[in-house]
Amino acid sequence: MRDISLQLLTAVLASIGLGMVGFTYGAASAFFMSAVLAVLIIVSYLAARLSGRALTVRRSISDRVYVWDQFPVSLEITNEGRLPLFLIKVSERLSPWLVSETPTDFIVPALWPGETTRLSYRLRGRKRGVHPIGPTQAVVSDPFGLFSRWVEVGGSAEAVIYPKPIPLEGAVVSGGSEAHAISTGERSRGAESGMEFYGIRDYQPGDELRRIHWPATAHHGRLTVIEFDQGVSDSTAVLLDCREGTDYGSGIVTSLEVAVQAAASLARWTLNADGVFFLAYQSGNTPRWLQVDRSDREYEVLEALARVQADAPHPLASVAEWALPAILPGTAVWVITSAPDPDLADLCRRLRQTGAVASVNVMLLEAGSFDPSAAAPSSAEVAEWLRPAGARTTVFRKEHDLDAALRSAISMRSSVA
């Protein structure tokens, strides 16, 4: 029950006063009025108690909502009881990541038995994810306004807010490597096998001796080989690092939010080019992956990315182990992580050595830019790990523009300016 209302206080004092008058002067009429008021108070109390159970709420929420897009929420409130309800105050409990564009508090003057009223309001999602709406909070009163009762009805629903992909249409797929290959004469050597020049890396057992790059070998003092791509592929695979404790920063922009938006943007870019998009990550102890080959199924990727959390107990290498057999030959693989370790180089090396992967691209989200207290290796140290593994590396800091960073990475540049 709510605090004592003025009407209830007046009725109680009037009943007591009339009772005292009747007792003092023996006035039957005063006793009668006192009894009527007492009965009215009891009936009002019972009516308020029962009225809260009579309310039912149905909530309708738009699906496929992107971050910061407005979306409507509608409520259908029904009085399923046998008594009318008056002055119903309705409000909604919202996640802190949801912003109301219109009032979410309402007053329904009256709701008769079996009657339904419809209310609506509009929200925006400040952050991608699954955010609760509800339960609905209602304050119902008896017909005389003596008692009011606060109840929660309707339970809660979920607003699934999708990450908003960055449009990358028109991004260049080939870049400076081709020009470098032309200037060094290495392009023609790659063309003999139907492949494109990729770069140079340390010699690995099993590499063909004719691919040894003798000038680089002499310069570095160790065997170095020329590496070629299998050619431009329409397929993209993203290995998303979701290990527990790797979501650096707070608020709307964290390393995980940037990683998810980058994955969503690569998905749209790939599907709009009629390619095949593959996403692999881990949710808790459960490995998850999906493969989408049509742009009208993009929402499947976004639905999965909306629910991604940094709660995986296993390293990214374990995700690659079960995901790699499902990746189509000639796919460009993107590894997105904010917590690189020396095993990342081994992962990239294994991906390159399979022969089925067109290229390995590492998008490194620099943890220190999101959280200065983060204990993570420097980007220069990570680049040194990855250089012999033959992976293209893009370093992203919180202050960078993700659109520019992705376009730069797609254009095969080695770093973000």
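The values are calculated or read from the model by the stated rules, or taken from the named source; none is laboratory data. Quick caveat: nothing in here was measured; it's all calculated off a predicted structure. FYI the Cβ positions are ideal-geometry reconstructions off the backbone, even for glycines, and counts take in every protein chain you see.
Name the pairs whose Cβ atoms lie under 7 Å apart, with the first residue in segment 95-122 and under 14 Å from Gly81 (Cα atoms), the second in a strand (DSSP E or B) and among the charged types (D, E, K, R), and 6 or more positions between them or separate chains?
Close Cβ pairs satisfying both conditions: Thr116/Glu76.
Can you confirm whether Ile166 is at pLDDT 50 or above and part of a strand (DSSP E or B)? Step through it out loud before you land on a result.
Details: at pLDDT 50 or above: yes; part of a strand (DSSP E or B): no.
The answer is no for Ile166.
Can you pull out every residue in segment 330-357 that is over 15 Å from Pro205 (Cα atoms), out of contact with any Phe, Trp or Tyr (no Cβ under 9 Å at 6 or more places or on another chain) and surrounded by fewer than 18 Cβ atoms within 10 Å (Cβ to Cβ)?
Gly330, Asp343, Ala356
Answer with yes or no whether Arg49 is modelled with pLDDT of 80 or more and among the basic types (Lys, Arg).
Working: modelled with pLDDT of 80 or more: no; among the basic types (Lys, Arg): yes.
Spelling it out, it is not the case that Arg49 is modelled with pLDDT of 80 or more and among the basic types (Lys, Arg).
Listed here are the residues, each with its yes/no results for (1) out of contact with any Asp or Glu (no Cβ under 7 Å at 6 or more places or on another chain); (2) part of a helix (DSSP H, G or I); (3) not aromatic (Phe, Trp, Tyr).
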residue: Asp247; (1), (2), (3): yes, no, yes
residue: Leu256; (1), (2), (3): no, yes, yes
residue: Ser265; (1), (2), (3): yes, yes, yes
residue: Arg288; (1), (2), (3): yes, no, yes
residue: Leu302; (1), (2), (3): yes, yes, yes
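Of all residues in segment 343-365, count the ones that are under 11 Å from Val382 (Cβ atoms) and among the β-branched types (Val, Ile, Thr).
1
Wholly within segment 49-120, which strands (runs of 3 or more DSSP E) include no fewer than the required count, namely at least 1 residues that are more than 30 Å from Val258 (Cα to Cα), in the same structural domain as Asp296 (by TED's automatic domain parsing) and touching a Pro at 6+ places or on another chain (Cβ under 7 Å)? Spell out how you get there, then give the answer.
Details: elements: 55-61, 70-79, 85-94, 98-100, 105-111.
The strands (runs of 3 or more DSSP E) meeting that bar number zero.
Which of the residues spanning segment 88-116 are farther than 23 Å from Asp69 by Cα and buried (at least 17 other Cβ atoms within 10 Å of the Cβ)? If you could, list the steps in order and put the result at the bottom.
Narrowing segment 88-116 to residues farther than 23 Å from Asp69 by Cα: 88-90, 106-116.
Result: Ile88, Val90, Phe106, Val108, Leu111.
Going by the conditions given, is Val238 assigned to a strand (DSSP E or B), within 13 Å of Val333 (Cα to Cα), aliphatic (A, V, I, L, M) and assigned by TED's automatic domain parsing to the domain that holds Ser369? Write out each step before concluding.
Working: assigned to a strand (DSSP E or B): yes; within 13 Å of Val333 (Cα to Cα): yes; aliphatic (A, V, I, L, M): yes; assigned by TED's automatic domain parsing to the domain that holds Ser369: yes.
When the stated conditions are applied, Val238 passes them.
Among the residues of segment 312-334, write down those that are of a type outside the set (Phe, Trp, Tyr), in contact with a helix residue (DSSP H, G or I) (Cβ under 7 Å, 6 or more places away or on another chain) and modelled with pLDDT of 85 or more.
Within segment 312-334, Val333 is the sole residue that qualifies.
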